[in-house]
1. Within the set of pairs 6 or more residues apart or between chains, which connect a residue that is on the phi < 0 side of the Ramachandran plot inside segment 51-71 to a residue that is of a type in the set (S, T, N, Q) and modelled with pLDDT of 95 or more with Cβ atoms less than 6 Å apart?
2. Assuming VAL35 fulfils every condition listed in (1) out of contact with any strand residue (DSSP E or B) (no Cβ under 7 Å at 6 or more places or on another chain); (2) closer than 25 Å to THR81 by Cα apart from one, which condition is it?
3. Any residue at all in segment 31-43 that is part of a helix (DSSP H, G or I), surrounded by 14 or more Cβ atoms within 10 Å (Cβ to Cβ) and on the phi < 0 side of the Ramachandran plot?
4. With the structure loaded, tell me whether THR125 is more than 20 Å from ASP19 (Cα to Cα) and within 16 Å of the chain's Cα centre (by Cα) or whether it fails that test.
5. Could we say that VAL92 is more than 15 Å from TYR14 (Cβ to Cβ), part of a strand (DSSP E or B), in contact with a Lys or Arg (Cβ under 8 Å, 6 or more places away or on another chain) and modelled with pLDDT of 95 or more here?
6. What do you reckon, is MET53 buried (at least 16 other Cβ atoms within 10 Å of the Cβ) and closer than 23 Å to ASP96 by Cα?
7. Which residue, of ALA82, ALA87, ALA6, is in a strand (DSSP E or B), surrounded by 13 or more Cβ atoms within 10 Å (Cβ to Cβ) and in contact (Cβ under 8 Å) with a residue 60 or more places away in the chain?
Amino acid sequence: MGDIEAIRQLKARYFRTMDTKDWAAMRQVFSDDVVLDTSEAGGSVVTGADEFMTFLQEVLSGAVTVHQGHMPEIELTSPTTATGVWALNDIVIWPDGTRLTGYGHYHETYEKVAGDWKITSSKLTRLHTDIHPPDAG
């Protein structure tokens, strides 16, 4: 498998493991010192894979999520580094019924370590977000 396909599969694993809440498998897609920036989407900057996993489990506790990444623009910048931009559509439904539907992009960097690609940074930007409160009925 080529490097670009390996990065596509890495990101697919990211989406699948988030939506299935397979936190142990999701942790494996990140470098230990990953930087994840959701500040432009209303979140914060988290440094460290373990710290991000703790943050994510708290934020998504009890939520149903659906993440779809599309149209990757991946550029190999060296034999062991790459950048990528992914179009994103996501849905998050929290236990109280609040629903977020978002549209935007992931801007990422990757590094190949011991033959495996890892996400080393990820920045989420939003183009549009719909937030629906729980049904009053």
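1. Once the first residue is on the phi < 0 side of the Ramachandran plot and sits in segment 51-71, its partners that are of a type in the set (S, T, N, Q) and modelled with pLDDT of 95 or more give GLN68/ASN89.
2. All conditions pass for VAL35, except number (1).
3. Taking every residue of segment 31-43 in turn, at least one turns out to be part of a helix (DSSP H, G or I), surrounded by 14 or more Cβ atoms within 10 Å (Cβ to Cβ) and on the phi < 0 side of the Ramachandran plot.
4. The answer is no for THR125.
5. Answer is yes for this residue.
6. So MET53 passes the test.
7. ALA82
Yes/no matrix, rows are residues, columns are (1) in a strand (DSSP E or B); (2) touching a helix residue (DSSP H, G or I) at 6+ places or on another chain (Cβ under 9 Å):
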| residue | (1), (2) |
| --- | --- |
| MET53 | no, yes |
| HIS67 | yes, yes |
| PRO72 | yes, yes |
| THR77 | yes, no |
| GLY97 | no, no |
| HIS105 | yes, no |
| TYR110 | yes, yes |
| THR125 | yes, yes |
| ILE131 | yes, no |
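The values are calculated or read from the model by the stated rules, or taken from the named source; none is laboratory data. Bear in mind that the values here come from a model prediction, so they are computed numbers and not experimental data. Every residue, glycine as well, gets a Cβ built from its backbone with ideal geometry; the counts of neighbours run over all protein chains shown.
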